[in-house]
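Only one structure is covered here, and it is reproduced in the block below.
Bear in mind these aren't lab numbers, they're just calculated from the coordinates by the rules spelled out. Model, not experiment: these values are computed from the prediction.
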Amino acid sequence: MLAKFAIDYTALPNHSVRVLTHHTDDPVEAEEFLMHLLFSGARIKDIRHEGASLTQQQSDRMLKVASERIAALMLRDALGVDAAEVKHRFGFAA
């Protein structure tokens, strides 16, 4: 049985062309893994759901949510405020 989500990525795009794949059935875990990839500078090749590649709009939506969560976490840590304050001041849900 296929995992619900599969994310193809290159961990070190400046040093390797090897494409790795992360599989998960949990959409929240897929989003957290995308956060990790974005933060680490990995190259994201493809995001699939139930074996089919997401459309650009669908993958962009997932990447936008992941990047907003990263921004919210960074603001929360840098300013020493809670998630509600970050949401109020910057509009990012943490």
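Checking the a/c ratio against 1.5 first, then a/b against b/c, what shape does the Cα gyration tensor give for region 17-71?
Verdict is rounded for region 17-71.
Over the chain, Cα pairs under 8 Å with separation of 6+ residues give a relative contact order of 26 percent. The candidate values are [x] 33; [y] 46; [z] 56; the one derived from this structure for percent of Cα pairs over 19 Å apart carries the label [y]. Taken one residue at a time, the phi angles of region 23-39 give Karplus couplings (6.51, -1.76, 1.60, θ = phi - 60°) of 10, 7, 9, 9, x, 5, 5, 4, 5, 5, 5, 4, 4, 4, 4, 4, 5 Hz. Gly and Pro are set to x. Residues whose amide H lies under 5 Å from that of K4, counting only those 5 or more places away or on a different chain, are T24, D25; hydrogens are built 1.01 Å from N in the peptide plane. Rounded to whole numbers, the Karplus 3J(HN,Hα) couplings from phi for region 51-61 are x, 9, 4, 5, 5, 4, 4, 5, 5, 4, 5 Hz, using 6.51 cos²θ - 1.76 cosθ + 1.60 with θ = phi - 60°, and x at Gly and Pro.
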